[in-house]
Amino acid sequence: MINSYLNHRFFILFFIFIAQLFAPKIYILNHSIATDLFLIYLTYLSTHNSRSYIIILGLIFGFIQDIITQYELLGLFAMTKTSVGFILGSLNNYNKIWNKKIKMLFLFLTYLLHFIISSYLMYDRSVTPMSYILQLSFMQSIWTFLVVCIINKFILIDNKIIN
């Protein structure tokens, strides 16, 4: 039973790794937006696992994403995914207490914080204006939140992220 459960998780992680590697970028108003599938999967896992487990997975997922996308800034996504894993760990603690609107606001603000921190550290702040970083972070947060809502509505049947 445990082996099939672990095999299922590794298969999903492998699929997310390949999908993240080849995921297309979306261009909106001269901004390039990529879907952060590792963050979405971390959000899903946060509804069913403890905070410490999510923090460790955040570190691993972030390091994998650093290797895939940001090899010049190795450790950037590992740091941000670890901190977001800590924040998302609250989702499991308050899953039965928070209503749907609070969960949605919590997820959107968590995504916004993640993208602001990662964009702030990714771009050269002497050249890139802060307004660009905030616009990009806001659009990435909206896009990630919409993808989570679509996955929650049409793919997840029993174990929904937002219920």
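Read the figures in this text as sums done on the coordinates, not as results from a lab. Every value quoted in this text rests on a predicted model; they were computed, and no experiment measured them. No Cβ is skipped: glycine too gets one built from the backbone with ideal geometry, and neighbour counts run over all protein chains shown.
Tabulated data
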| read-out | value |
| --- | --- |
| Computed lengthening from Phe14 to Leu109, 0.36 nm per intervening residue step minus Cα-Cα distance | 31.4 nm |
| Out-of-range pairs (alpha-carbon distance over 18 Å; input Lys103/Lys160; Lys101/Lys160; Lys81/Lys160) | Lys81/Lys160 |
| Cβ-based exposure ranking for Asp66, Asp36, in which fewest neighbours within 10 Å come first | Asp66, Asp36 |
| Convex hull per residue volume in Å³, alpha carbons only, for the chain | 120 Å³ |
| Spacing of the two label points (7 Å from each Cα toward its C-beta) at Phe86 and Ile117, in nm | 0.7 nm |
| Taking Tyr111, Tyr71 and counting other C-beta atoms within 10 Å, the order from fewest to most | Tyr71, Tyr111 |
| Semi-axis lengths (Å, descending) of the ellipsoid that matches the C-alpha gyration tensor of the range 49-89 | 20, 8, 5 |
| Three-way shape call for the range 103-144 based on the alpha-carbon gyration tensor, with the a/c threshold at 1.5 | prolate |
| Burial ranking of peptide ranges 122-135, 79-92 (average Cβ count within 10 Å, highest at the top) | 79-92, 122-135 |
| Length released on extending from Tyr94 to Lys25, taking residue separation times 0.36 nm less the Cα-Cα span | 21.5 nm |
